[in-house]
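Nothing in this text is a laboratory measurement; each read-out follows from the coordinates by a stated rule. Predicted, not measured: the structure shown is a model, and the values here were computed from it. Neighbour counts run over all protein chains shown; Cβ positions are idealised from the backbone, glycine included.
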Amino acid sequence: MSEENCVFCKIVKKEIPAEIIYEDGYVVVFMDISPASKGHLLIIPKKHRVMFHEMSNEGAEKMMKAARMITESMFNNVSDEGYNLVMNNGIHAGQEINHCHLHIIPRVKSDGINFHWNHVKYEEGEITKFSKKIRNGLFN
Ligand code: AMP
């Protein structure tokens, strides 16, 4: 999906309606139209970026700063039982809209929402191989 056809860019530019909660120079926060639970919202960068790692450090900081502020209000005013922060990056991670977005989903007991994965096992020495690959790529 190109930037021109991106539904979330259209929300940023106010070309399509959204229930906006907050915006500043970096992010827009709005209600998800097909929520996992009532109060589910999305935080998006104003700049079109597909995945989280494509954002600038500054953009990522502003997103997490907004998340901290929004979750406090959600916890105090929607559900004090908890919430999930979820971000799907890439088709195999479940990303449907190709404009990076952080889901904030209020949770209540027995709400039926389920984030389940099967645990895999590392072969001998494999955990160190993975940690090295990731560590060696830092600060490049
Ligand atoms: P994901 O699967 O992580 O890409 O999630 C995309 C989310 O965007 C879904 O939860 C949709 O319900 C939500 N969504 C799609 N279009 C809109 C829209 N126009 N306004 C608000 N939320 C939307």
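Exposure proxy check: Ile43, Ile104, Ile134 ranked by fewest other beta carbons within 10 Å?
By the 10 Å Cβ count, ascending: Ile134, Ile104, Ile43.
Compute the acute angle (0 to 90°) between the alpha-carbon long axis of helix 57-77 and the principal axis of greatest extent of the alpha-carbon atoms of the chain; round to the nearest 10°.
Helix 57-77 sits roughly 60 degrees off the main axis of the chain.
Which residue, Phe115, Phe52, Phe75, has the most motion in a Gaussian network model of the chain that connects Cα atoms within less than 10 Å?
Phe115
Would you please classify the overall shape of the range 1-97 from the alpha carbon gyration tensor, given that a ≥ b ≥ c denote the square roots of the eigenvalues, rounded means a/c under 1.5, and beyond that prolate means a/b larger than b/c while oblate covers the rest?
rounded
Can you give the charge dipole size of the range 10-103 about its Cα centre, rounded to the nearest 20 debye, using +1 on the beta carbon of Lys and Arg and -1 on the beta carbon of Asp and Glu?
Once rounded to the nearest 20, the dipole reads 300 debye.
Going 7 Å from the Cα of Asn5 in the Cα-to-Cβ direction, what parts of the range 98-140 have a backbone nitrogen less than 20 Å from that spot?
Of the residues in the range 98-140, 98-101 have backbone N under 20 Å from the label point off Asn5.
Rank these for me by crowding, Lys129, Lys62, Lys10, going from fewest to most other beta carbons within 10 Å.
With the sparsest Cβ surroundings first, the list reads Lys129, Lys10, Lys62.
Is it possible to state the helix-based mean residue ellipticity at 222 nm for the chain, with each DSSP H run of 4+ residues giving -39500 (n - 2.57), the sum divided by total residues, to the nearest 500 deg cm²/dmol? What is it?
Computed mean residue ellipticity for the chain: -8500 deg cm²/dmol.
Calculate one ³J(HN,Hα) per residue across the range 91-100 by plugging θ = phi - 60° into the Karplus curve 6.51 cos²θ - 1.76 cosθ + 1.60, and present them in order as whole Hz with x for glycine and proline.
4, 6, 9, x, 6, 9, 9, 7, 9, 2
Between Asn98, Asn76, Asn114, which gets the highest mean-square fluctuation from a Gaussian network model of the chain, Cα cutoff 10 Å?
In the Gaussian network model the winner is Asn114.
In nanometres, what is the gap between the two model label sites at Ser56 and Ile91, each 7 Å from Cα along Cα-to-Cβ?
Spacing of the two 7 Å Cα→Cβ label points: 3.1 nm.
Quick one: among Arg68, Arg107, Arg49, which has the greatest mean-square fluctuation in a GNM of the chain with alpha-carbon springs under 10 angstrom?
Comparing Arg68, Arg107, Arg49 in a Gaussian network model of the chain, the most mobile one is Arg68.
Relative to the longest principal axis of the C-alpha atoms of the chain, give the angle of the C-alpha long axis of helix 126-136, reported between 0 and 90° and rounded to the nearest 10°.
Helix 126-136 sits at roughly 60 degrees to that axis.
Averaging sequence separations of C-alpha pairs under 8 Å and six or more residues apart, then dividing by the length of the range 42-140, give the relative contact order as a whole percent.
Across the range 42-140, relative contact order equals 31 percent.
Pull out the extension gain between Tyr22 and Arg68, defined as 0.36 nm times the separation in residues minus the alpha carbon to alpha carbon distance; nm, one decimal.
15.3 nm
Going by Cβ distance under 4.7 Å, what cysteines of the chain have no possible disulfide partner?
Lone cysteines by the Cβ rule: Cys100.
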